[in-house]
1. If you check 125, 120, which single one turns out to be in contact with a helix residue (DSSP H, G or I) (Cβ under 9 Å, 6 or more places away or on another chain) and in the same structural domain as residue 84 (by TED's automatic domain parsing)?
2. Do we find a residue being without any contact (Cβ under 8 Å) to a residue 12 or more places away in the chain, within 15 Å of the chain's Cα centre (by Cα) and either surrounded by fewer than 16 Cβ atoms within 10 Å (Cβ to Cβ) or under 15 Å from residue 7 (Cα atoms) (or both) anywhere in segment 84-105?
3. Out of segment 14-34, which residues are out of contact with any helix residue (DSSP H, G or I) (no Cβ under 9 Å at 6 or more places or on another chain) and surrounded by 12 or more Cβ atoms within 10 Å (Cβ to Cβ)?
4. Is segment 41-51 home to any residue that is in a strand (DSSP E or B) and more than 14 Å from the chain's Cα centre (by Cα)?
5. Restricting to segment 64-111, count the residues that are closer than 29 Å to residue 42 by Cβ and in contact with a helix residue (DSSP H, G or I) (Cβ under 7 Å, 6 or more places away or on another chain).
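The values are calculated or read from the model by the stated rules, or taken from the named source; none is laboratory data. Here the structure is a predicted model, which is why all the values come from computation and not from measurement. Glycine gets a Cβ as well: all are built from the backbone with ideal geometry, and neighbour counts include every protein chain shown.
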């Protein structure tokens, strides 16, 4: 999973065999753009069964672009998940004793935490403005309920 500076989430699923591709295991495509990562041989076998909105990477090259979707999960959940994943990676790198990798991952975690705080602050400010303008019962007022 990746998250870019424009707020776009990309999710990737690595499939290594035909049985893996067709397994009943839950697909984790929750991003705006979702991709399978396949071998060329597997792609030739399954290409007709790949949904139109799912992209494909083969050997680091995008051979089929994904179509942008709405998020299927709250963005805050995705950000928290990413921060936890980064934290696990930092712990692995710290235990490896590689200071350059540790520093890089610590910077990335710090950046993600600051961005999360910024989004939370923006959300609170927008909610406050909404309440000031329409009151706490804004949904009924705006939707005529």
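1. 120
2. Yes: one or more hits.
3. Answer for segment 14-34, where residues must be out of contact with any helix residue (DSSP H, G or I) (no Cβ under 9 Å at 6 or more places or on another chain) and surrounded by 12 or more Cβ atoms within 10 Å (Cβ to Cβ): 27, 28, 29, 32, 33, 34.
4. Within segment 41-51, not a single residue is in a strand (DSSP E or B) and more than 14 Å from the chain's Cα centre (by Cα).
5. 2
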